[in-house]
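Colleague: Quick one: the structure is below, questions incoming.
Rule-based calculations on the coordinates, nothing more; no lab input. On a predicted model such as this, the values are computed, not experimentally measured, just so you know. Note that we place each Cβ from the backbone using ideal geometry, even for glycine, and neighbour counts take in every protein chain shown.
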Amino acid sequence: MQLTVEFGGGLELLCNSVKIHNVNVELQKAAEKLTMKDLLAWIRTNLIKERPEMFMKGDSVRPGVLALVNDCDWELTGQLDTTLEEKDVVVFISTLHGG
Amino acid sequence: MAAADGGEVSAILRDLESLKASKSEIELRISALEARLQEINLQQPNGAVSNGSCAPLPSSVDSGYGHDLSPQMIYRYSRQLLLPSFGVQAQSKLLKSSILVVGAGGLGSPALLYLAACGVGHLGIIDHDVVELNNMHRQIIHTERFIGQPKVRSAAAACRSINSTIQVVEYQEPLRTSNALEIMSKYDIIVDATDNAPSRYMISDCCVVLGKPLVSGAALGFEGQLTVYNYNGGPCYRCLFPTPPPTTACQRCSDSGVLGVVPGIIGCLQALEAIKIAGEVGEPLSGRMLLLDSLSGRIRIVKIRGRSLQCVACGENTTFSKLQFREFDYENFTQSPLTPSPLKLNLLQADSRINTKEYKEKIDDGKAHVLIDVRPEHHFKIVSLPNSLNIPLPSLEARLPEISLALKENEENRGVNSELYVVCRRGNDSQRAVQSLHKLGFTSARDIIGGLEAWARDVDPNFPTY
């Protein structure tokens, strides 16, 4: 499944400072759909190069990270259970505090 | 006849000239008197700094035009009055509104300038800090002559010089749970222009308790974020971020850097949102968040969750009250201080450390040594000590052979044992590096206490700091 995964707010530092990743995530054989939970596990293995604890806590994102599916807060789409579709854009943003 | 007409024309022109001169003189006197009246109103009855009392605007009387804008106001704000969807109605609301800007830094600077200019009747500014030279690139409300003076005084002076007809109130103190309720309750709208996590939670909670809309902005590096909290049934900061982030995820402009114009953009947008709320025009950015990535030229506006029923601050069954707010420990909650100062670690035994003056003596005595600078490469490029070897902390382990080689060369050339020192910007990473080096067999490694900042302070005042 072709997806665009983007990191911002400093999270890109965990992926060699690359913000936009056009990725192809293969579905597990038995699975029919790809959920955010699956994608997070895939990202942790395939995109995160350092300090994974700065991106995830347990099987979800760490506090202070907003996950957006097609420009919509994942709290509104089903969080970990959100089903992804071909060409979806998934964005992870770390909240900023500076000013 | 022609001659007589000519005489009359020039007489009229003379009269006109003289009348216009008198008119502008009268207008000047009117402005001066209005400003004076404003000052007097500010000074009494509780006009001292930090009182926050909002005296009525002197000119907010019915002008006989069906609204309360004076001729001066009509002229000053004419370009806003000409906007059909803004007009006299929104301008009158702005003039009657009161807005508190928390923080007169990178975000607060442009926000305050625009809020003062557009005619917000009562503008409060709270900040405990003083103006520094390294603020100037982004905190554009301050001028060089205010360096070393309170930001609040500088910002208020700038606001008054742009618009002498509004009331500007100065709070030269940090915002705390002990003063937040009293100060914030005097304003209709709060603008969060602070730079740290505990302040953001505290301001949001206080807005919830007091029922005030909150215009929240943040900026770091090349990125910015903006949204409106606690407005019209929308979410509060805690709905979005119920659990504080780990302290290691809270980067600061003084550590990570920021391009000056980025908080400038976000601060301007904060002024815009505050104006929309105060003037009751447009659609304030509630339930949505604007994400700016300035380097790639992308602005994204995303839909965020609504008010959370489980929210500790604004949820359905919450018992969060003024009393609880006053007693809540935001520094403990976020594990970071409300008025951040640089971290000062103390990880090492005294015999593994050396101060900058002692290190200077080693250099003067010609002691054989290797100096490792563990700052990131782009820091090293700004300034470094002579003959130091740059090995950024994350690559320390991988580059141990370079240290061994440097020590060996030194020993071969000099015929004596070489000492090993580690330096960084402030003396924290150098301690971490020395800890690692000890574990990896370099037991003689020592850190230079306080880093290059201490070197500049105690040894070489001409050494650049940043």
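Colleague: Is it possible to state the helix-based mean residue ellipticity at 222 nm for chain A, with each DSSP H run of 4+ residues giving -39500 (n - 2.57), the sum divided by total residues, to the nearest 500 deg cm²/dmol? What is it?
Modeller: -3500 deg cm²/dmol
Colleague: Once phi is turned into θ = phi - 60°, what whole-Hz ³J(HN,Hα) does the Karplus curve with 6.51, -1.76 and 1.60 give for every residue of the range B:8-15, x standing for Gly and Pro?
Modeller: Whole-Hz 3J(HN,Hα) from phi for the range B:8-15: 5, 4, 5, 5, 4, 4, 4, 4.
Colleague: What percentages, rounded to whole numbers, describe P(r) for chain A computed over all alpha carbon pairs with 5 Å bin width beginning at zero?
Modeller: 3, 13, 26, 28, 19, 8, 2, 1, 0, 0
Colleague: Which three numbers, in whole Å and largest first, are the semi-axes of the equivalent ellipsoid of the protein assembly as shown derived from its Cα gyration tensor as √(5λ)?
Modeller: For the protein assembly as shown, the semi-axes come out at 51, 34, 23 Å.
Colleague: Using Cα atoms only, what is the angle between the long axis of helix B:151-162 and the major principal axis of chain B, expressed in degrees (0 to 90) to the nearest 10?
Modeller: With rounding to tens, the tilt is 30 degrees.
Colleague: OK, next. Can you classify the range B:158-289 as rounded, prolate or oblate using the Cα gyration tensor, where a ≥ b ≥ c are the square roots of its eigenvalues, rounded means a/c under 1.5, and otherwise it's prolate if a/b beats b/c and oblate if not?
Modeller: Note, shape of the range B:158-289 comes out rounded.
Colleague: If you take the square roots of the eigenvalues of the alpha-carbon gyration tensor of the range B:350-458 and sort them as a ≥ b ≥ c, do you get rounded (a/c under 1.5), prolate (a/b over b/c) or oblate?
Modeller: The shape class here is rounded.
Colleague: As a test of the formula, what do you get for chain B when each DSSP H run with n ≥ 4 contributes -39,500 (n - 2.57) and the sum is divided by the residue count, at 222 nm and rounded to the nearest 500 deg cm²/dmol?
Modeller: After summing the helix terms and dividing by residue count, I get -12500 deg cm²/dmol.
Colleague: In addition: Roughly how tilted is helix A:36-46, in degrees to the nearest 10 and between 0 and 90, from the longest Cα axis of chain A?
Modeller: Once rounded, the angle reads 70 degrees.
Colleague: Can you tell me the relative contact order of chain B? Whole percent, Cα pairs under 8 Å, sequence separation 6 or more.
Modeller: For chain B, the relative contact order is 11 percent.
Colleague: Another question about this same structure. Sorting A:Asp88, B:Asp429 on the 10 Å Cβ count, fewest up front, what's the list?
Modeller: A:Asp88, B:Asp429
Colleague: Where the centroid of each part is defined by its Cα atoms, how far is the range B:86-119 from the range B:404-450 in Å?
Modeller: With the range B:86-119 and the range B:404-450 each reduced to a Cα centre, they are spaced 54 Å.
Colleague: With no solvent and one equal point scatterer placed on each C-alpha of the range B:162-231, evaluate the Debye formula and give log10 I(q)/I(0) for q = 0.20, 0.21, 0.23, 0.27 Å⁻¹, two decimals.
Modeller: -0.90, -0.96, -1.08, -1.28
Colleague: Which net charge results when you count Lys and Arg as +1 and Asp and Glu as -1 among the other residues whose beta-carbon is under 12 Å from that of B:Lys96?
Modeller: So the surrounding residues net to -2.
Colleague: Equivalent-ellipsoid semi-axes (√(5λ), Cα gyration tensor) for the range B:97-334, whole Å, largest first?
Modeller: 25, 20, 18
Colleague: Another question about this same structure. Hey, what's the Kirkwood Rh for the range B:101-219 if you take every pair of different alpha carbons, in angstrom?
Modeller: For the range B:101-219, the Kirkwood estimate is 14.2 Å.
Colleague: Now, a different point. Quick check on my link table: of A:Lys33/B:Lys303; A:Lys49/B:Lys408; A:Lys49/B:Lys151; B:Lys303/B:Lys344; A:Lys57/B:Lys303, which ones sit more than 31 Å apart, alpha carbon to alpha carbon?
Modeller: A:Lys49/B:Lys408; A:Lys49/B:Lys151; B:Lys303/B:Lys344
Colleague: Please compute the contact order of chain A in relative form: average sequence separation of alpha-carbon pairs under 8 Å and at least six residues apart, divided by the residue count, as a percent.
Modeller: 40
Colleague: Also: Magnitude of the Cβ-charge dipole of the protein assembly as shown, K/R +1 and D/E -1, about the Cα centre, nearest 20 debye?
Modeller: Roughly 320 debye for the protein assembly as shown.
Colleague: Give, rounded to the nearest 20 debye, the magnitude of the charge dipole that the range B:144-221 has about its Cα centre when Lys and Arg contribute +1 at Cβ and Asp and Glu contribute -1 at Cβ.
Modeller: 160
Colleague: Note down the net charge around A:Asp73, summing +1 for each Lys or Arg and -1 for each Asp or Glu among other residues with Cβ under 10 Å from its Cβ.
Modeller: Net charge in that neighbourhood comes out at +1.
Colleague: Next question. I want the antiparallel fraction of DSSP beta bridges within chain B, as a percent rounded to 5.
Modeller: So the antiparallel bridges in chain B amount to around 35 percent.
Colleague: Could you compute Rg(Cα) / (2.2 N^0.38 Å) for chain B, with N its residue count?
Modeller: Normalised Cα radius of gyration, chain B: 1.28.
Colleague: Please turn the phi angles of the range B:370-382 into ³J(HN,Hα) values with the Karplus equation 6.51 cos²θ - 1.76 cosθ + 1.60 (θ = phi - 60°), one per residue in order, whole Hz, x for glycine and proline.
Modeller: 10, 10, 9, 9, 9, 6, x, 4, 6, 5, 4, 6, 5
Colleague: Of the beta bridges DSSP finds with both residues in the protein assembly as shown, what % are antiparallel, to the nearest 5?
Modeller: DSSP beta bridges in the protein assembly as shown are roughly 45 percent antiparallel.
Colleague: A follow-up question, please. Which one, A:Pro63, B:Gly366, B:Phe463, is farthest towards the positive end of the dipole of the protein assembly as shown when Lys and Arg carry +1 and Asp and Glu -1 on their Cβ?
Modeller: A:Pro63
Colleague: Roughly how big is the range B:97-334's charge dipole about its Cα centre, with Cβ charges of +1 (Lys, Arg) and -1 (Asp, Glu), in debye to the nearest 20?
Modeller: It works out to roughly 400 debye.
Colleague: Sort the following peptides by mean Cβ neighbour count (other Cβ atoms within 10 Å, averaged over residues), highest first: B:93-105, B:159-171.
Modeller: B:93-105, B:159-171
Colleague: For B:Lys276, go through the lysines and keep the ones whose alpha-carbon is under 18 Å away, minus same-chain ones fewer than eight residues off.
Modeller: Result set, ordered by chain and number: B:Lys93, B:Lys96, B:Lys212.
Colleague: Taking the alpha-carbon distance from A:Lys37 and a cut-off under 12 Å, which aspartates and glutamates remain once sequence neighbours fewer than 8 residues away in the same chain are dropped?
Modeller: Cα-Cα hits under 12 Å: A:Asp59, A:Asp81.
Colleague: Taking the DSSP beta bridges in the range A:2-94 as the whole, what percent of them are antiparallel, to the nearest 5?
Modeller: Once the DSSP bridges in the range A:2-94 are tallied, antiparallel ones form about 75 percent.
Colleague: Can you tally the net charge around B:Val302? Count Lys and Arg as +1, Asp and Glu as -1, for every other residue whose Cβ sits under 9 Å from the Cβ of B:Val302.
Modeller: Net of charged neighbours comes to +1.
Colleague: Separate question: Kirkwood Rh, Cα Rg: Rg to Rh for the range B:78-127?
Modeller: 1.04
Colleague: Tabulate in residue order the Karplus-calculated ³J(HN,Hα) for the range A:15-27, using 6.51 cos²θ - 1.76 cosθ + 1.60 with θ = phi - 60°, rounded to whole Hz; enter x for Gly and Pro.
Modeller: Couplings: 10, 6, 6, 8, 8, 10, 10, 8, 10, 10, 9, 7, 6 Hz.
Colleague: Choose one of B:Ile74, B:Gln91, B:Val208: the residue whose Cα lies farthest towards the positive end of the charge dipole of chain B (beta-carbon charges +1 Lys, Arg; -1 Asp, Glu; about the Cα centre).
Modeller: Toward the positive end, the furthest listed residue is B:Val208.
Colleague: From Cα pairs below 8 angstrom and at least 6 apart in sequence, can you work out the relative contact order of the range B:72-174, rounded to a whole percent?
Modeller: This gives 27 percent for the range B:72-174.
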